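Worksheet: one structure, shown below.
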Amino acid sequence: MGLISCSTHNQEKKIIDMESLNEPVVVTNSIKVKPNYRKIVLSENSLDTFSIPFPEKNMLDSLRSYYEPYLVEYNVGQQDGPDYRYIDISREDKNPIAYLNFESDNELRLNEIRIINSTALDQYEVHVEDPLTKVITSRGTGEIVFDPYHFHIYYYYKNSNISYELEGELHTPAVKNVEDIVLTYDDINSHTVQSIIWRNKK
């Protein structure tokens, strides 16, 4: 509402906004609530509350509902062979936590789970970036597998679905054929866990 007043000198009308004179100033503080990301735990036969391998059906909606506020999306991966479908679980900053890879000839059949971020862990309390010595302290002595073509090093346990890809400086012995390289613990004792891998051995 307004109040109209008249000047006796020039009869100029002035409008005074009475409501604006009495209206309190409201100051709001915007507080951004941090998302509550649950801890992701990979076990021999489960991923958190999900039994693995999954039933052969589309699991995207179930995973999205459980892992909210994580981003859970289908994507297509490429490899030496045919392309394959995978689900990635990541945070809002697009920082990936885990990849759930499916068979190239059956996009509903889980082939592998790969944890690639230290915020997740396995049932042995091993995280990505932990030293190999931590793995051995938690699980005992395992076995070494060396992929000479891609120079990947894996540490695994018989009768276990969970293994580890390692990274670190590697001084390979001088041999004519890379297939002849045999690594020992002394060659990798300073390596760390690059990823935690689940594959069903049953």
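Matching residues to (1) without any contact (Cβ under 8 Å) to a residue 60 or more places away in the chain; (2) touching a Lys or Arg at 6+ places or on another chain (Cβ under 9 Å):
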residue	(1), (2)
Gln78	yes, no
Tyr84	yes, no
Ser90	yes, no
Ala98	yes, yes
Ala120	no, yes
When the stretch 136-161 is examined, which residues are found to be more than 14 Å from Ile188 (Cβ to Cβ), at pLDDT 95 or above and among the aromatic types (Phe, Trp, Tyr)?
-> Tyr157
Number of the exception - Ser190 against (1) farther than 20 Å from Tyr99 by Cβ; (2) touching a helix residue (DSSP H, G or I) at 6+ places or on another chain (Cβ under 7 Å); (3) hydroxyl-bearing (Ser, Thr, Tyr) | (2)
When residues of the stretch 124-134 are limited to those that are surrounded by fewer than 14 Cβ atoms within 10 Å (Cβ to Cβ) and part of a loop (DSSP other than H, G, I, E, B), the one farthest from the chain's Cα centre (by Cα) = Glu125
Which listed residue is modelled with pLDDT under 95, surrounded by 12 or more Cβ atoms within 10 Å (Cβ to Cβ) and among the charged types (D, E, K, R), from Lys201, Lys176 = Lys201
Residues satisfying the stated conditions in the stretch 91-118, i.e. open to solvent by 50 Å² or more (accessible area, probe 1.4 Å) and either modelled with pLDDT of 95 or more or not in a loop (DSSP other than H, G, I, E, B) (or both) = Tyr99, Glu103, Glu107, Leu108, Arg109, Asn111, Ile116
Which of the residues spanning the stretch 68-97 are charged (D, E, K, R) and either touching a helix residue (DSSP H, G or I) at 6+ places or on another chain (Cβ under 6 Å) or at positive phi (or both)?
-> Lys94
Those residues of the stretch 135-148 which are part of a strand (DSSP E or B) and of a type in the set (Val, Ile, Thr), in sequence order = Ile144, Val145
Return yes or no: is Thr137 open to solvent by 30 Å² or more (accessible area, probe 1.4 Å), hydroxyl-bearing (Ser, Thr, Tyr) and farther than 22 Å from Leu121 by Cα?
-> no
Does Gly77 satisfy being modelled with pLDDT under 95, open to solvent by less than 20 Å² (accessible area, probe 1.4 Å) and closer than 19 Å to Asp105 by Cα?
-> yes
List the pairs whose first member sits in the stretch 106-117 and is without any contact (Cβ under 8 Å) to a residue 40 or more places away in the chain and closer than 11 Å to Tyr84 by Cβ, whose second member is open to solvent by less than 10 Å² (accessible area, probe 1.4 Å) and part of a strand (DSSP E or B), and whose Cβ atoms are under 8 Å apart, counting only residues at least 6 apart or on separate chains?
-> none
For the subset of the stretch 30-73 comprising residues that are open to solvent by 60 Å² or more (accessible area, probe 1.4 Å) and not in a loop (DSSP other than H, G, I, E, B), which member is nearest to Ser163 (Cα to Cα)?
-> Ser51
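The values are calculated or read from the model by the stated rules, or taken from the named source; none is laboratory data. All values derive from a computational prediction rather than experimental measurement. Every residue, glycine among them, receives a Cβ derived from its backbone with ideal geometry; neighbour counts consider all protein chains shown. Please note that ligands, DNA and RNA were not included when accessible areas were found on the heavy atoms of the full protein model with its side chains. Shrake-Rupley method; radii C 1.70, N 1.55, O 1.52, S 1.80 Å.
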